[in-house]
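The values are calculated or read from the model by the stated rules, or taken from the named source; none is laboratory data. Only a predicted model underlies this, so the values are computations on that prediction, with no experimental measurement involved. For neighbour counting, all protein chains shown are included, and Cβ atoms are generated from backbone atoms with ideal geometry for every residue, glycine included. Side chains are part of the model used for accessible areas, which takes the heavy atoms of the whole protein and leaves out ligands, DNA and RNA. Shrake-Rupley method; radii C 1.70, N 1.55, O 1.52, S 1.80 Å.
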Amino acid sequence: MRLGSRGSRLALTQAEQAGELLRRPGVEIALVPITTAGDRDRTKPFGEIGARGVFVKEIEEALLTSSDTEGLAVGAYLAREDPRDALCGVSELRAGMRVGTASVRRRAQLLALEPSLSIEPLRGNIDTRLRKRGERGLDAIVLAACGLDRLGLAGEIGRRLTPEEMLPEAGQGALALQVRAGEEGLVDEADDAETRRRVEAERECVFALGGGCLAPVAAHHDGEVLTALVAAEDGSWVERRSGLDPAALAAELAPLAAS
């Protein structure tokens, strides 16, 4: 079984984690590193590289051996790990801090928490971002806690931000195994039903809002209730709604997301 992944240390670590769940008698796993548009250009903001999918387009095309990515399915969601965002470098935000992140979702919520922050763009893999924090004299950076945990870098975390402070990206903390439609049986033993239930509700809500990594939109299911968020990029306003129906939440927030 050939398992495609981006070539960063985190991506390959995650792919190896998935491969261990798929390995069984008669099945060997071969990791196939794939370079994406987002990997090739590490300086431009995501919106200048292309539309949504700058880190997955080439992987999906390799899976289908064509540029038409219809016909793909998520065959399994691995059990979810920590979905929270992590503040690295400090344990709390203070007025006037310089904080690095390339995420408009994080930027909006950071500025809502502390409007005097200076949010500076920061791209690269986890190791690069941690190094750049020191090189550029940033007070802090914000990363996904799960990525740091998977690389054994939890000691870099000054504080794990609660969803009440910073609502995570849809699906954050979960690994998805994407396969060609009809071949879900290759990986279905690795599927965690509860993770699938939560993440698919989050993704449905964000998709209906037209969100992604280019918009200050978020959704997180805590097991009991789904919470969705839209915000102004400058953090001047943030709106949250909670409920059980992803479509209803999206419909309620859509007028605000479009404003």
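Some points to look at:
- Test: residue in the range 145-159 that is more than 14 Å from the chain's Cα centre (by Cα), farther than 21 Å from Ser8 by Cβ, open to solvent by 30 Å² or more (accessible area, probe 1.4 Å) and not acidic (Asp, Glu): yes
- Unique match (being outside any strand (DSSP E or B) and at pLDDT 95 or above) among Gly223, Gly212: Gly223
- The residues on offer are Gly185, Gly171, and the sole one that is out of contact with any Ser or Thr (no Cβ under 6 Å at 6 or more places or on another chain), open to solvent by 50 Å² or more (accessible area, probe 1.4 Å), among the small types (Gly, Ala, Ser) and not in a strand (DSSP E or B) is Gly185.
- Taken over the range 226-255, the residue count meeting the criterion of being touching a helix residue (DSSP H, G or I) at 6+ places or on another chain (Cβ under 8 Å) and part of a helix (DSSP H, G or I) is 7.
- Residues of the range 106-125 that turn out to be open to solvent by less than 50 Å² (accessible area, probe 1.4 Å) and modelled with pLDDT under 95, as a count: 3
- Residue satisfying all of: in the range 229-245; touching a strand residue (DSSP E or B) at 6+ places or on another chain (Cβ under 6 Å) and of a type outside the set (Gly, Ala, Ser); most open to solvent (accessible area, probe 1.4 Å) among these: Arg240
- Filtered residues of the range 138-164 (kept if outside any strand (DSSP E or B) and either of a type in the set (Val, Ile, Thr) or closer than 18 Å to Leu226 by Cβ (or both)): Thr162, Pro163, Glu164
- So Glu204, is it surrounded by 14 or more Cβ atoms within 10 Å (Cβ to Cβ), of a type outside the set (Lys, Arg) and either touching a residue at least 60 places away in the same chain (Cβ under 8 Å) or not in a loop (DSSP other than H, G, I, E, B) (or both): yes
- Every condition in (1) among the hydrophobic types (A, V, I, L, M, F, W, C); (2) under 29 Å from Arg123 (Cβ atoms); (3) surrounded by fewer than 21 Cβ atoms within 10 Å (Cβ to Cβ) is met by Val225 except one, and the failing one is (2).
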